[in-house]
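Asks: Here it is, the structure in full.
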Amino acid sequence: MLKLGLTGGIGAGKSEVSRLLASYGAVVIDSDKIAREVVEPGTPGLAAVVAEFGEEILDSEGRLDRPKLGSIVFADPQRLAALNAIVHPLVRDRSAELESEAGADSIVVHDVPLLTENGLAPLFDLVLVVDASPQTQLDRLVRLRGMTEEEARSRMAAQATREQRKAVADLIVDNDGPLEALEPQVRKVWEQLKERAASA
């Protein structure tokens, strides 16, 4: 089994790279998706988050109101750390469970937005960073995700810098350009991963 850590700043296009790798045959374990699952209504995760932040972070249906929680934690590093202390262990356990279900000859891609920030690079055989300039990230967040410039800058500031991400990278995909320029790069990475897995 070859374990790849996939990361990139918000708006860099990591999800697109993840989708492409899955289409080639990778087993993708998406930390963001798992992070949502572990705080679904009725889970111990949601109960722990409510105990920490109060009932006002729930919407009228008893689900986590993500924008409201985001406005609290992205403005206060200590509150963000408190949230991460609840969610990260749950995500880690579920990721390990999913990884154990993959075949021995699989290429497993762990899609982890905060890989650099949380010092997780050593957990993987290789780390792939999807790189885009801050200007490109900002443009995508405002234009495609409907964030205000202030919201976008706040999210970007809460993450590792471009240089910090590159420092942990074994492989880098440049996603500053159009989508069609991305696919050939990801295809090349996939071939490298298959070679590496075959020789392991």
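Asks: Scan the range 149-166 residue by residue and report those that are in contact (Cβ under 8 Å) with a residue 12 or more places away in the chain and loosely packed, with under 15 Cβ neighbours inside 10 Å. Full working, then the answer.
Replies: Initial filter on the range 149-166 (in contact (Cβ under 8 Å) with a residue 12 or more places away in the chain): 152-156, 158-160, 162, 164-166.
Once the filter is applied, which keeps residues that are in contact (Cβ under 8 Å) with a residue 12 or more places away in the chain and loosely packed, with under 15 Cβ neighbours inside 10 Å, the range 149-166 yields Q164, K166.
Asks: Return the residue satisfying two criteria in turn: it lies in the range 100-126 and is closer than 24 Å to L83 by Cα, over 12 Å from the mean Cα position of the chain (by Cα) and of a type outside the set (A, V, I, L, M, F, W, C), and of such residues it is least open to solvent (accessible area, probe 1.4 Å).
Replies: Top of the filtered list is G119.
Asks: For the range 1-31, name all the residues that are charged (D, E, K, R), more than 10 Å from the chain's Cα centre (by Cα) and open to solvent by less than 40 Å² (accessible area, probe 1.4 Å). Before the answer, list the steps.
Replies: Initially, the range 1-31 is screened for residues charged (D, E, K, R), giving 3, 14, 16, 19, 30.
With more than 10 Å from the chain's Cα centre (by Cα) added as a condition, the list becomes 3, 16, 19.
Those that are charged (D, E, K, R), more than 10 Å from the chain's Cα centre (by Cα) and open to solvent by less than 40 Å² (accessible area, probe 1.4 Å): none in the range 1-31.
Asks: Looking only at the range 127-146, which residues are part of a loop (DSSP other than H, G, I, E, B), open to solvent by 30 Å² or more (accessible area, probe 1.4 Å) and either acidic (D, E) or on the phi < 0 side of the Ramachandran plot (or both)? Lay out the reasoning, then the answer.
Replies: Quick first cut of the range 127-146, residues part of a loop (DSSP other than H, G, I, E, B) only: 132-133, 144-146.
This time we only want the ones that are open to solvent by 30 Å² or more (accessible area, probe 1.4 Å), so: 144-146.
Correct list: L144, R145.
Asks: Somewhere in the range 58-76, is a residue at pLDDT 95 or above and in contact with a Lys or Arg (Cβ under 7 Å, 6 or more places away or on another chain)?
Replies: Looking for residues that are at pLDDT 95 or above and in contact with a Lys or Arg (Cβ under 7 Å, 6 or more places away or on another chain), one finds none in the range 58-76, hence no.
Asks: I'm trying to understand the selection: among the residues of the range 186-200, which are of a type outside the set (A, V, I, L, M, F, W, C) and without any contact (Cβ under 8 Å) to a residue 24 or more places away in the chain?
Replies: Within the range 186-200, the first condition is being of a type outside the set (A, V, I, L, M, F, W, C), and the residues that meet it are 187-188, 191-192, 194-196, 199.
The answer is K188, E191, Q192, E195, S199.
The values are calculated or read from the model by the stated rules, or taken from the named source; none is laboratory data. Keep in mind it's a predicted model, so treat the numbers as computed, not measured. Methodologically, a virtual Cβ is constructed for each residue, glycine included, from the backbone with ideal geometry; neighbour enumeration extends over all protein chains shown. Note: accessible area is taken over every heavy atom of the protein model, side chains too, but ligands, DNA and RNA are not part of it. Shrake-Rupley method; radii C 1.70, N 1.55, O 1.52, S 1.80 Å.
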